[in-house]
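Rule-based calculations on the coordinates, nothing more; no lab input. These numbers were taken from a predicted model, which means no experiment stands behind them. Ideal geometry is used to build each Cβ from the backbone, glycine not excepted, and the neighbour counts take in all protein chains shown.
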Amino acid sequence: MRTRTIGAPEDEARPDSDTDPPRPAAPARGTPLGRFRNTYYSFPIASDYSGPEVAVYDASCKEISKVPQAFHDAVCVQGSGKLASAQTISFAKRDCSCAQICPRSQQKICFEALDPARFPWGRGAAGRPIHPLRTLAVDTSVIPLGTALYIPAYVGMPLPEGGVHDGCFRAEDRGLKIKGQQIDVFAGSEAVLRTWNSKVPTGQGVDVYADPTCSSR
């Protein structure tokens with residue numbers, strides 16, 4: 001499990017605008033799982049940060065890189081990020097004696113350096129690559145990893161490469177703070193997180209369906 005608190009009350013992103021017209025409701029389909037609290041998480045990039053540096057370590061306490069303290073404090077919450085070298089790192093282990101304390105979780109997190117070609121956005125709980133606006137972090141006692149999911153509230157949401165979302169996701173990740181009826185949408189960039197949060201705000205609540213037809217997405 002990775003430690004993540006995005007979506008907690010003190011971290012909630014605020015909508016950029018509340019003037020967007022409401023989107024038409026998409027039809028339900030699949031097996032209803034209930035109404036879930038919705039939150040978002042992102043992928044910090046070290047080059048976006050500056051200031052005093054600290055080390056990040058692997059699970060054997062070997063130094064991976066020096067990074068800005070602010071980047072460390074973000075990536076230890078989000079779970080994955082990109083170093084200035086373009087190397088991807090993802091959560092490997094908590095309670096590392098060598099690691100800095102993560103201010104928001106009070107955990108000491110070690111990371112694993114990953115192949116950025118295979119894991120451009122980091123790694124999920126099942127060891128597979130995660131994908132912006134397709135990966136959900138879930139409580140695996142409620143939704144098993146690998147479950148194909150459909151969320152009508154996200155149908156028609158804008159995609160960064162153009163076009164709109166079809167509402168299909170997959171449960172590919174989990175987080176220490178993801179409990180019960182909650183889904184955490186991996187937004188990728190902070191800009192996309194803000195855009196999506198402006199249209200379906202954190203904590204609004206969304207209906208979630210298990211839908212095998214989403215498995216081919």
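Antiparallel beta bridges, as assigned by DSSP with both residues in the chain, represent about 70 percent of the total such bridges.
Candidates Gly79, Ser47, Gln106 compared by Cα position along the dipole of the stretch 46-114: farthest toward the positive end lies Gln106, with charges placed on Cβ.
Divide the volume of the convex hull of the Cα atoms of the stretch 97-186 by its number of residues and quote the answer in cubic angstrom per residue. Mind dumping the intermediate values first?
Numbers: hull volume 11.8 nm³, N = 90.
Here the figure is 132 Å³ per residue.
Across the chain, C-alpha contacts under 8 Å between residues 6 or more apart give a mean separation that, scaled by the residue count, equals a relative contact order of 30 percent. Backbone geometry of the stretch 40-52 corresponds, through the Karplus equation with coefficients 6.51, -1.76 and 1.60 at θ = phi - 60°, to 3J(HN,Hα) couplings of 9, 9, 9, 10, x, 10, 4, 5, 7, 10, 9, x, x Hz, x marking Gly and Pro. Taking a sphere under 12 Å around the Cβ of Pro129 and counting the other residues whose Cβ falls inside, with K and R at +1 and D and E at -1, yields a net charge of +2. Here, the chain is characterised by an Rg to Rh ratio of 0.97, where Rg is the alpha-carbon radius of gyration and Rh the Kirkwood radius. Local charge for Phe36 was computed over the other residues whose Cβ lies under 13 Å away, with Lys and Arg +1 and Asp and Glu -1, and equals 0.
Between Ser189 and Leu145, the contour length at 0.36 nm per residue exceeds the alpha carbon distance by 13.5 nm. Ellipsoid fit via the Cα gyration tensor, the stretch 46-114: semi-axes of 16, 13, 11 Å, each the root of five times an eigenvalue, largest first. Pairs of lysine in the chain with Cα under 17 Å and at least 8 positions apart or on different chains: total? Count of close lysine pairs: 7.
Could you give the length gained by full extension between Ser50 and Arg35, i.e. 0.36 nm per residue of separation minus their alpha carbon distance, to one decimal place?
1.4 nm
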